[in-house]
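The values are calculated or read from the model by the stated rules, or taken from the named source; none is laboratory data. Note that the coordinates shown come from a computational prediction; the quantities given were computed from them, not determined experimentally. Here the Cβ positions follow ideal geometry from the backbone for every residue, glycine too, while neighbour counts run over all protein chains shown.
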Amino acid sequence: MTELLTRDSRRGRLTLTAVTLGSGIAILDGSVVNVALRTIGTELDASLEQLQWVINGYMLALASLVLVGGALGDRLGRRRVYLWGMGWFLVASVLCAVAQTPGQLIATRVLQGIGAALLTPGGLAIIQSVFAREDRAAAIGTWAGLSGISAAIGPFVGGWLVDNGGWRWIFGINVPLCLAVIALTLWTTPETRDTEATGRRFDVLGGGLTVLSLGALTYALTASASMSRSLLVAVSVLALAAAVGFVVVESRSRTPLVQLGLFRDRVFSAANGMTLVVYGALGVVIFILVLQLQVSAGWSALSAGLTGLPTTIALMFLSSRAAQLSERIGPRIPMALGPVICAAGVLLLLPAGRGATWWTVLPGLVVFSLGLALLVSPLTATVLAAAPDRYAGVASGVNNAVARAGSLLAVAALPALVGLSGDDYLDPTAMTSGFRAAMVICAGLLTVGGVVSWFGLARTSGRVREDAL
């Protein structure tokens, strides 16, 4: 039995630092690339679809394999799999930094996403399994806040690196960070696992169907404009069949990749439903805003990257308070109000076009950031609190998979939906038209997320019973 850690102990603080920094690196690379897309497209002569795949290749691997990463951690040891993921991520980052063509960069981004899928659920699962129960909400709040900061600060870091060293450094900077996390984890973090899962057959079929379903759907959404109707229908049917097959396999398996019984809890299901639409909108906002400011407003990569600063500040100072508020009054109000505030901020960003200044975008960024700070940590704590401790890796994996899938599918679908393709990202007029349509859609998705939370969290059920799984 692993001795539980406290947040105020030296080992507890160092363990929290290790898992937060490692998860932050993976999340950072989901957003840091956005601000470099225009430079990458110019230097590697890439189309908009190829630039989408630079983002989506990473997100596809992360979304489709994060469930596998969570389940492997529960079975083989959360610390061990977390370290495997960090090592894999380090090597893949080096390969990204030396890529010479769009195809090479997309392939190495997929490899990077595999490493992220191994380490991302491990961070939360380690917190849930090694910290004393009374310290978990605050520890998760710290993790969620700093992870949110990683996503928000990504465009700023990427902008500075692009302007001062070139886009390859956005991957090269991962090397010393990964080495530091590996050393700190080996030194401080205790090992935990689900002892009942050890030695059981691993659900390879379930994992394969997840990859097939998300991969086919992402390809259909991204390349729909260039493929024939018959091929589009065939790929879409394949994605649907794989998704249905996954549900059937998981419901019949004695050792499923995902315990479908977790979704019998209304809170767990509602929180993940809200995650899907909200993170889909967030992914598009981050993807398209920095492009719009560079292409249509003429901002530098660094200036566009600085738009993440208000979100960084809000998450840094408000995430722990939001977690405490949620613990005191319940998650319903923060998780319903937060997305609606984000939607208002997105609508305030509509004027960001030709001639836009900081005063044009700052009000929207501030409102958006306040809403994000209100929802992030309560969402994470609610999902984990709804699952038994021994399923911490699975619960974390499910929520991470839903978040990444939402972002992946939205980034794949929305550009074509709003009329952006090919080299349109270099045309200010086309870019502005597509940007504004995308912002309106994102505001709608965020509002839907708030509605889902309000009705879905009307009852807080606590934790799924073990005998229900």
Worksheet item: When region 250-306 is examined, which residues are found to be within 23 Å of residue 437 (Cα to Cα) and surrounded by fewer than 18 Cβ atoms within 10 Å (Cβ to Cβ)?
Response: 298
Practice prompt. Only residues that are in contact with a Leu (Cβ under 6 Å, 6 or more places away or on another chain), aliphatic (A, V, I, L, M) and crowded, with 24+ Cβ neighbours inside 10 Å: list them for region 96-131, please.
Written response: 116, 117, 130
Practice prompt. Would you check if there is a residue in region 108-131 being farther than 18 Å from residue 398 by Cβ, touching a residue at least 24 places away in the same chain (Cβ under 8 Å) and of a type in the set (Ser, Thr, Tyr)?
Written response: no
Item to complete: Could you identify the single residue in 269, 226, 236, 320 that is hydroxyl-bearing (Ser, Thr, Tyr), modelled with pLDDT under 85, part of a helix (DSSP H, G or I) and out of contact with any strand residue (DSSP E or B) (no Cβ under 6 Å at 6 or more places or on another chain)?
Response: 320
Worksheet item: Is it fair to say residue 263 is in contact (Cβ under 8 Å) with a residue 24 or more places away in the chain, part of a helix (DSSP H, G or I) and under 19 Å from residue 214 (Cβ atoms)?
Response: no
Worksheet item: Does residue 275 satisfy the condition of being in a helix (DSSP H, G or I), more than 30 Å from residue 158 (Cα to Cα) and hydroxyl-bearing (Ser, Thr, Tyr)?
Response: no
Discussion item. Take the residues in region 86-95 that are without any contact (Cβ under 8 Å) to a residue 60 or more places away in the chain and closer than 22 Å to residue 397 by Cβ; name whichever of them is surrounded by the fewest Cβ atoms within 10 Å (Cβ to Cβ).
Written reply: 88
Discussion item. If I ask for residues that are at pLDDT below 90 and of a type in the set (Gly, Ala, Ser), which ones from region 338-372 would you list?
Written reply: 353, 355, 356
Practice prompt. Go through (1) closer than 30 Å to residue 430 by Cα; (2) buried (at least 24 other Cβ atoms within 10 Å of the Cβ); (3) among the hydroxyl-bearing types (Ser, Thr, Tyr) and name the single condition residue 319 misses.
Written response: (1)
Item to complete: Residues being among the charged types (D, E, K, R), closer than 13 Å to residue 102 by Cβ and assigned to a helix (DSSP H, G or I): count how many of those fall in region 31-73.
Response: 2
Worksheet item: Of all residues in region 35-49 being touching a Gly at 6+ places or on another chain (Cβ under 7 Å) and farther than 13 Å from residue 168 by Cα, which is surrounded by the fewest Cβ atoms within 10 Å (Cβ to Cβ)?
Response: 47
Worksheet item: Do you know which residues across region 411-432 are assigned to a loop (DSSP other than H, G, I, E, B) and either on the phi < 0 side of the Ramachandran plot or not assigned by TED's automatic domain parsing to the domain that holds residue 54 (or both)?
Response: 418, 420, 421, 423, 427
Discussion item. Among the listed residues 377, 453, identify the single one that is modelled with pLDDT of 90 or more, closer than 17 Å to residue 322 by Cβ and part of a helix (DSSP H, G or I).
Written reply: 453
Worksheet item: Pick from 367, 398, 394, 402: which is touching a helix residue (DSSP H, G or I) at 6+ places or on another chain (Cβ under 9 Å) and farther than 29 Å from residue 129 by Cα?
Response: 367
Worksheet entry | Any pair with Cβ under 8 angstrom, 6 or more apart, that starts in region 198-213 at a residue that is farther than 22 Å from residue 77 by Cα and ends at one that is modelled with pLDDT under 80 and in a loop (DSSP other than H, G, I, E, B) | 210/257
Worksheet item: Within region 59-74, is there a residue that is in the same structural domain as residue 295 (by TED's automatic domain parsing), farther than 13 Å from residue 125 by Cα and among the charged types (D, E, K, R)?
Response: no
Discussion item. Just to be sure I understand the filter: pairs with C-beta atoms under 7 Å, separated by 6 or more residues or on different chains, first member in region 428-444 and within 15 Å of residue 355 (Cα to Cα), second member of a type in the set (Phe, Trp, Tyr) and crowded, with 18+ Cβ neighbours inside 10 Å. Which pairs pass?
Written reply: 431/425
